[in-house]
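Shown next, in structure tokens, is the structure this report addresses.
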Amino acid sequence: MKATALSGAVLSPVEITAASVQRGDVIQVGGQQCRVTDLFQLPGGAKRLVFDSGELLTIHTMTRLVALRLVRVRGGDPTHALATRHHRR
């Protein structure tokens, strides 16, 4: 997945988990891009994602996926949104 520039915003690839998934994330499933329109908390930290197509996907606490996320850029410089992010583990 490549980052795509929009006016003042960028679709940036991010690693997501059940704890960090958000509405609006675009996840590639089976070669098809699916946008998360809703999500529900399940027992044990899992989440059920609802895509704009109506399909469902359950991700568990150990699941890691790559998604595209709309990142708003301050000052209109999209290069800042693409900078490497360091996550605490």
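For the reader, a short list of remarks on this structure follows.
- Given their separation in residues at 0.36 nm each and the Cα-Cα distance between them, Gln33 and Ala19 gain 3.0 nm when the chain is fully extended.
- Ranking Val66, Val29, Val50 from most to least accessible surface, computed with a 1.4 Å probe over the protein chains only, gives Val66, Val29, Val50.
- Couplings 3J(HN,Hα) for the stretch 23-39, derived from phi with the Karplus relation 6.51 cos²θ - 1.76 cosθ + 1.60 (θ = phi - 60°), are 4, x, 4, 10, 10, 8, 10, x, x, 10, 7, 10, 8, 6, 9, 7, 8 Hz, where x marks Gly and Pro.
The values are calculated or read from the model by the stated rules, or taken from the named source; none is laboratory data. Predicted model only: the values in this text are computed from it and were never measured. Areas reflect the complete protein model, heavy atoms only, side chains present, ligands, DNA and RNA absent. Shrake-Rupley method; radii C 1.70, N 1.55, O 1.52, S 1.80 Å.
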